[in-house]
Amino acid sequence: MIRHPSTALIVMLCAASAKADWRAEIGHTRLLQLAASAGQGIPAATGSGVSHIEASTGVGIYGPDTASSVFSGKSFIFKSGASGVSSHANRVALNYYGSASLLSANSTVDLYDANSWIGGGFLNLGGGFTAPASEARAVQNHSWIGNGITESQATEIGRRLDFAINRDGFISVMGVNNGASTTLPQLLAQTYHGISVGRDDGQHSAGLTTLDGTGRGKPEIVAPSTSPDNATSWTTPMVAGAAGVLHGKLASAPYSQSGANLPRVVKALLLAGATKDTVPLWANTASRPLDARYGAGELNLHHSYLALLAGRATASNNTSYGIRGWAAETVNRSSSKTWYFTIPPGAAGTPFCAVLTWHRTVSSLGWTATLSNLDLRLHHASGFALGSQIAASASTVDNTELIHQPALPPGNYALVVENTSSNNTAIGMAWHSLPAVTTAASSPLAREIDGQQGTLTLSRTGDSTFPLWVPLAISGSAVPGTHYQPLPSAVMIPAGQSSVSLQVIPIADFLAQSDRTVIVAAAQDFASVRDFSQTAVVTIEDKPFDAWRFENFSGSELADAATSGDAADPDGDGLANLVEYALDFEPNKADARPASVSEIDDYLTISHTKNPAATDITWAAEVTGNFTNWQAALILTDTSTAFTARDTVLISNSERRFLQLKISRP
């Protein structure tokens, strides 16, 4: 209960235990992998610590088990007095700053009882013009809701929190209630400057605000919550942890953001990076920037973090930016600013999202509030000239605008922020789209005969300052491990590179199997887009003799070496299959003895036409006078179509001479 100055019902947002793989679902696992490959790190703490606000489960029971090893390295400060262990607080803490969370590094944690936090512990509700206490930590997490107080009290609580966020530059993340109702709790999700959180299964309260400016959509983002992790108590600290990661990066060099820029930009980054295709039927309108149930979509830290790394973009009429970026600056009253950017050519359209957010002005003198009105528009661009408008977000009641395009084609574009108010207004903005991946067979032929390798090249468009992980879809008639060395299931395009190559290494054998194919495409993945119809094909060419056998013998005959083997003579003409092949004869049809033996310039000479396709055959000739000692003959002609060799001894100088062809293959 709120002990001072009024009475309200404060409850926890709890349910079952968490999924172990939620970090992978929001892209954090991928981020760690990419960062490690680039020799970089992802922040695992905010630098200034975090605050954890809890509804008490009993008198003086609001904190986690601070002695647990999962909170090793954390320094706890009990801001509301000594506390026993709350199982709810413990579960929230696991997702917020536990050893398996996003903020697992050493840091300071301030712990508050929610009643104390609302009263003299922080907000100072009931303190007249007394402002909230200063917040030294980077992020606050609120996995609780409150109802049962007057509208004026709830409004003042929201305004006090918004005042503190803007003054101190921290991020406040709060859950909505569980259950698919359309009634929002009074506390705290109806604030302007905080980030309200739901569940990706949609089982949370969602709707329009009724306090302090009606008609604003909540929640603003959802996080993984499929059973058994079905509670906003657990999804809220996921978002708070992600906010902490972004805060830790933004507050450090080279970005060095401070003050109210931090909560504005972090909120814009989180909402712009949220995925829409992982929740059902996401939709918005120009006047309702957020989806009615899922807000901006599902949390994806991978997207938000890469948008952050793309760097701060300054409004300009002579600079064009890339597929991601963010801004933090002031748009003067009754004016606009423009950011130009390019979706590079090379692939299909990319999902694109841009988010604009700003703070209202709250005065501690009576806790009055004023909200500027800003609009966000997306335009085509030609050079640095605005073209036709594609989409707009123009809510008249909210301090967040969002534009989403499911498949923005390659081209030049502009984002325009227009301030229609009479006050200069500081804004945070972020945009995010995906790189395109193309796959090509730069060397489309691999061969058994000489081990020639095929080459596949995967290329990306857009920013290359961070590695890109590309999973592969591999198919074809060739069998990995039998016909070629197995390919990896995914490749990493390193930082600083726009492409990477893979070798298709054939495995030689003596099996007649005809040519086989290796078909490779970029698999569907949350981190890139691709042309679904595009594939790269490498053909593994069988050894020519094996290909000849495949054409001339049935499946059962190929399995019988006495019929299709090198030395077999199925037509009984005295010529083995290998000879029939070399001489371009048919193995199942008797042929006359083919060689032409003659006397030329007193030398015994042998000649024959060759099968030009028999490139794996070695031709030679040998001579002897006694059938015991054979010696190499002198080769006169050895082209793709003819062979001639002669004796090395004159006929006139010998009693008898014998000459034979020698045909072999590797």
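Coordinate-derived values only; no laboratory data. Computed from a prediction, not measured in an experiment: that's the story for all the values here. As a convention, Cβ positions derive from the backbone with ideal geometry for all residues, glycine included, and neighbour counts pool all protein chains shown.
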Descending semi-axes in whole angstrom, ellipsoid equivalent of the stretch 21-170, from the Cα gyration tensor: 30, 18, 14
How far is it, in nm, from the label point at residue 320 to the one at residue 628 when both lie 7 Å from their Cα along the line to the Cβ? 8.6 nm
In whole Hz, what ³J(HN,Hα) sequence does the stretch 199-214 give by Karplus (6.51, -1.76, 1.60; θ = phi - 60°), x for Gly and Pro? 10, 6, 8, x, 8, 8, 5, 8, x, 9, 5, 10, 10, 6, x, 7
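Under 13 Å from the Cβ of residue 349, count the other residues' Cβ atoms, weight Lys and Arg +1, Asp and Glu -1, and hand me the total.
Values: positive: 530; negative: 531.
For residues surrounding residue 349, the net value is 0.
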Antiparallel bridge percentage (DSSP; both residues within the chain; nearest 5): 75 percent
On a C-alpha basis, how far is the centre of the stretch 327-401 from the centre of the stretch 106-133 in Å? Whole number, if you could? 33 Å
Label points 7 Å out from Cα along the Cβ direction at residue 407 and residue 208: separation in nm? 3.3 nm
May I ask for the angle, rounded to the nearest 10°, between helix 261-273 and the longest principal axis of the chain, with both axes built from Cα atoms and the value confined to 0 to 90°? 50 degrees
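Contour minus end-to-end for residue 639 and residue 508, with contour as 0.36 nm per residue of separation and end-to-end as the Cα-Cα distance?
Working: separation 131, 0.36 × 131 = 47.16 nm, distance 2.55 nm.
In short, 44.6 nm is gained.
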Measure out, as a whole number of angstrom, how far apart the alpha-carbon centroids of the stretch 590-632 and the stretch 205-257 sit. 84 Å
One finds, for residue 489 and residue 654 with R0 = 60 angstrom and r their Cβ-Cβ distance, a FRET efficiency to the nearest 0.05 of 0.35
FRET efficiency, 1/(1 + (r/R0)^6) with R0 30 Å, evaluated for residue 422 and residue 385 via beta carbons: 0.55
Contact order relative to length for the chain, counting C-alpha pairs under 8 Å separated by 6 or more residues, stands in percent at 9 percent
Helix 232-250 axis, angle to the chain major axis (alpha carbon atoms, nearest 10°): 80 degrees
Using a Förster radius of 56 Å, what is the FRET efficiency between residue 333 and residue 68 based on their Cβ-Cβ separation? Nearest 0.05, please. 0.60
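Could you please report the charge total around residue 97, scoring K, R as +1 and D, E as -1 over all other residues with beta-carbon less than 12 angstrom from its beta-carbon?
Details: positive: 74, 137; negative: 110.
Here the charged neighbours net out to +1.
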On a 0 to 90° scale, report how tilted helix 28-37 is relative to the longest principal axis of the chain, with both axes built from alpha carbons and the result rounded to the nearest 10. 60 degrees
From phi via Karplus (6.51, -1.76, 1.60), per-residue ³J(HN,Hα) for the stretch 47-54 in Hz, x at Gly/Pro: x, 10, x, 9, 10, 10, 10, 10
Tell me what the chain gives for mean residue ellipticity at 222 nm when only DSSP H runs of n ≥ 4 count, each as -39,500 (n - 2.57), the sum divided by the residue total, rounded to 500 deg cm²/dmol. -5000 deg cm²/dmol
